[in-house]
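The values are calculated or read from the model by the stated rules, or taken from the named source; none is laboratory data. What you see is a predicted model; the values in this text were computed from it and never measured. Heads up, the Cβs are rebuilt from the backbone with ideal geometry, glycines too, and the neighbour counts pull from every protein chain shown.
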Amino acid sequence: MGEASIDVIKFKYRSIDRKWLNIHFFISLALVFSVLLLEITIGYIVYRSGEINSTIPRYLLKFLILPTLVNSLIVLLNYLILKSNKVPQYVKIYSTSILLLLICLIVFTVHSTFSALYFIFLLPILLTTIYGSYRLSTITSFLSIIGVILSELFIVWDLDKPSIFENGLRTSNFIIAIFILFFFYIMNLVVIYFERIRSRGELKKDFERHHLKKKIKVDELTGIYNRIAFRAAIDEMEEDKSLNSYIFVMLDIDNFKTLNDTFGHVVGDECLKELGSILEKCMFGSTAFRYGGDEFSIIFKNVKEGEVIDICNKINSMFSQYAKGFKCEKPITLSFGVAHYRKDISPSDLIVNSDLALYESKKTKNKITLFKDILSYQ
């Protein structure tokens, strides 16, 4: 029960990561589009002011077409990775983070004349915070710092770009930018640390809340679903307007009172526990409930009638093996009543139909009766 609850909660948190991953991708896409518009605007301003030192075609190719083309290919690659079912989610997260960083590096390298672009690297670092991963934030931050250093020292895309060693102001801007990126990285780790503390608290609350919900719907003795869960399942079945088919089974233990009278209620409880365990083992895509006392029910969804009968026989066979150990005056066996659900009958009618079929089985005991067979007798 505990492991199942944790798995449900982990799935919920993975879903949140998937949603943020999609937002992360669209931010990359928006950045590429915004930079394109910005490059067109800057190009127009530079053209009007007569500050272009090369031919117009060369300028467009170098500062507009090539950067946009490369960034677009990066976005396309990111899209293909996100859409692939073969790529694990953690790889998608790392890929999206690093590819956004690469887009920022290209924008910075092409337009490094503008000192303000140092701070474009804050974006990929910031977006890793949501994932709560120290490693991802560290890798993204240090790659950003290395990217800035390599671009400033070794890559010359714009020939008019002044060297960072040309004057004290340029050198100071470079050093300050590196310091701010590193400081931002440290602050990022601090945020992740406190977010993890808060997440652990929320995870604990979610687990306790989920566990309480499950506990309310689970029979304490047998460990399978109880009547509260049964009512919820019946309501869900009634609200289902699709083409799903349902078969409802009622079963109870024959001569259970004799067992209790002979061996006592402790043994009777052990018998109920064993039947609950057997039902759990046999439920493939179906759900078993303790209806009350020694009476149980099963809702089969999209299972053919023949398969339902086979499962009932399997349950009966497993229980018979267990019940052989009881030396009672009357044999301890199982009886079953099976009824089909149709859209033109109410859930209460369905229960009555399966109960009638069970009553028919109880006449001889250790039997499976279909409600439709009762109708054919009449």
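Observations on the model:
- Residue in the stretch 323-337 that is in a helix (DSSP H, G or I) and of a type outside the set (Lys, Arg) present: yes
Per-residue answers, yes or no, for (1) closer than 30 Å to Ile16 by Cβ; (2) among the charged types (D, E, K, R):
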site: Val35; (1), (2): yes, no
site: Ile40; (1), (2): no, no
site: Gly43; (1), (2): no, no
site: Ile52; (1), (2): no, no
site: Tyr59; (1), (2): no, no
site: Leu76; (1), (2): yes, no
site: Lys86; (1), (2): yes, yes
site: Leu102; (1), (2): yes, no
site: Val107; (1), (2): yes, no
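- Of the listed requirements (1) among the β-branched types (Val, Ile, Thr); (2) within 30 Å of Tyr59 (Cα to Cα); (3) surrounded by fewer than 16 Cβ atoms within 10 Å (Cβ to Cβ), Ile164 misses just one: (3).
- None of Tyr47, Tyr90 is over 33 Å from the mean Cα position of the chain (by Cα), modelled with pLDDT under 95 and assigned to a helix (DSSP H, G or I) except Tyr47.
- Some residue of the stretch 361-368 being assigned to a loop (DSSP other than H, G, I, E, B) and under 36 Å from the mean Cα position of the chain (by Cα): no
- Residues within the stretch 239-267 that are more than 33 Å from the chain's Cα centre (by Cα) and either closer than 13 Å to Thr333 by Cα or hydrophobic (A, V, I, L, M, F, W, C) (or both), tallied: 13
- Some residue of the stretch 199-213 being touching a helix residue (DSSP H, G or I) at 6+ places or on another chain (Cβ under 8 Å), modelled with pLDDT of 80 or more and either under 30 Å from Val267 (Cβ atoms) or in the same structural domain as Gly132 (by TED's automatic domain parsing) (or both): no
- Residue count, the stretch 27-45 (criterion: out of contact with any helix residue (DSSP H, G or I) (no Cβ under 9 Å at 6 or more places or on another chain) and polar (S, T, N, Q)): 2
- Hey, Pro331 surrounded by 13 or more Cβ atoms within 10 Å (Cβ to Cβ) and closer than 23 Å to Val218 by Cβ or not: no
- Set side by side, the residues Ile106, Ile125 differ, and just one is under 19 Å from Val156 (Cβ atoms) and in a helix (DSSP H, G or I), which is Ile106.
- Exactly one residue among Ile351, Ile311, Ile374 is in contact with a Leu (Cβ under 8 Å, 6 or more places away or on another chain) and assigned to a helix (DSSP H, G or I), and that residue is Ile374.
- Of all residues in the stretch 58-87 being exposed (fewer than 13 other Cβ atoms within 10 Å of the Cβ) and basic (Lys, Arg), the one that is modelled with the lowest pLDDT: Arg58
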